[in-house]
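Please read the structure below before turning to the comments.
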Amino acid sequence: MGLEQVARPGGPGTVVLRVSAGRAGDGRALVLSDDDLVSRLHAEVAAAVGITGDPLGRHVTRWTDAFPQYAPGHRELVAAIEQGLPAGLEVAGAAYRGVGVPACIGSGRAAARRAVASATTDLG
Ligand SMILES: Cc1cc2nc3c(=O)[nH]c(=O)nc-3n(C[C@H](O)[C@H](O)[C@H](O)COP(=O)(O)OP(=O)(O)OC[C@H]3O[C@@H](n4cnc5c(N)ncnc54)[C@H](O)[C@@H]3O)c2cc1C
């Protein structure tokens with residue numbers, strides 16, 4: 001569990017904190033109620049950054065299984081997938097060569113370039 005981002009002010013004397021919890025192999029956050037999860041995260045963040053007051057409000061969104069988890073051999077697996085695709089078909093996105101938005105954009109652009117090159121080759 002950890003503090004991910006300190007966000008914009010939520011009003012005079014307040015801040016909005018976005019806190020993320022959980023990772024592959026750590027299901028603690030999944031079994032806690034929203035109240036217990038917020039309480040645990042608040043205690044952790046408060047201790048880390050010196051917050052003394054209680055939260056004024058909270059909103060919990062659960063993104064279960066939202067992030068692809070790359071296992072050992074992932075690069076080789078992706079290479080095999082890409083090599084096995086028929087001409088003109090490309091794959092892109094978080095499952096392949098990086099989960100973050102910049103990596104996904106790069107992956108999409110590279111796939112688009114390959115698709116255009118393939119189509120151009122097909123046209124002779
Ligand atoms: C809570 C959260 C916070 C994040 N924060 C950050 C961050 O701060 N910075 C960062 O760099 N990354 C962040 N990420 C990661 C990043 O946002 C994702 O990895 C990235 O957006 C994934 O892009 P994608 O194109 O692979 O998939 P998606 O953005 O999920 O796009 C897939 C699209 O395919 C559509 N789709 C799915 N199935 C079908 C179907 N059968 N038919 C038609 N359409 C379908 C979906 O509706 C969706 O529009 C975060 C992710 C999450 C979940």
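Please pick out the residue among ALA115, ALA119 that is of a type in the set (A, V, I, L, M, F, W, C), within 16 Å of the ligand (Cβ to nearest atom) and either at pLDDT 95 or above or in a helix (DSSP H, G or I) (or both). Explain how you work it out, then say what you get.
Numbers: ALA119 fails: within 16 Å of the ligand (Cβ to nearest atom).
Only one candidate passes the filter, namely ALA115.
Quick check on my filter: what residues within the stretch 18-43 are closer than 30 Å to PRO72 by Cβ and charged (D, E, K, R)?
Listed by number, the residues that qualify are ARG23, ASP26, ARG28.
Taking ARG97 as the residue in question, decide whether it is touching a helix residue (DSSP H, G or I) at 6+ places or on another chain (Cβ under 7 Å) and free of Cβ contacts under 8 Å to residues at least 24 places away in the same chain.
Numbers: touching a helix residue (DSSP H, G or I) at 6+ places or on another chain (Cβ under 7 Å): yes; free of Cβ contacts under 8 Å to residues at least 24 places away in the same chain: yes.
Here the answer is yes, as ARG97 does meet what is asked.
Somewhere in the stretch 23-35, is a residue of a type in the set (D, E, K, R), surrounded by 11 or more Cβ atoms within 10 Å (Cβ to Cβ) and closer than 30 Å to THR121 by Cα?
No: the stretch 23-35 contains no residue that is of a type in the set (D, E, K, R), surrounded by 11 or more Cβ atoms within 10 Å (Cβ to Cβ) and closer than 30 Å to THR121 by Cα.
What are the residues in the stretch 36-49 that are loosely packed, with under 12 Cβ neighbours inside 10 Å and among the β-branched types (Val, Ile, Thr), if any?
VAL49, the sole residue that qualifies.
Output the residues belonging to the stretch 34-69 that are hydroxyl-bearing (Ser, Thr, Tyr) and without any contact (Cβ under 8 Å) to a residue 24 or more places away in the chain.
Correct list: SER39, THR52, THR61.
For the stretch 58-76, give me each residue that is within 11 Å of the chain's Cα centre (by Cα) and among the small types (Gly, Ala, Ser).
ALA66
If we only count helices (runs of 4 or more DSSP H) wholly inside the stretch 13-106, which ones have 3 or more residues that are away from the ligand (no atom under 11 Å from the Cβ) and over 24 Å from SER118 (Cα atoms)?
In the stretch 13-106, 28-31, 34-49 are the helices (runs of 4 or more DSSP H) which contain 3 or more residues that are away from the ligand (no atom under 11 Å from the Cβ) and over 24 Å from SER118 (Cα atoms).
The values are calculated or read from the model by the stated rules, or taken from the named source; none is laboratory data. Treat the numbers as computed from the prediction; the structure is a model and nothing was measured. Here the Cβ is made from the backbone with ideal geometry for all residues, glycine too, and neighbour counts use every protein chain on show.
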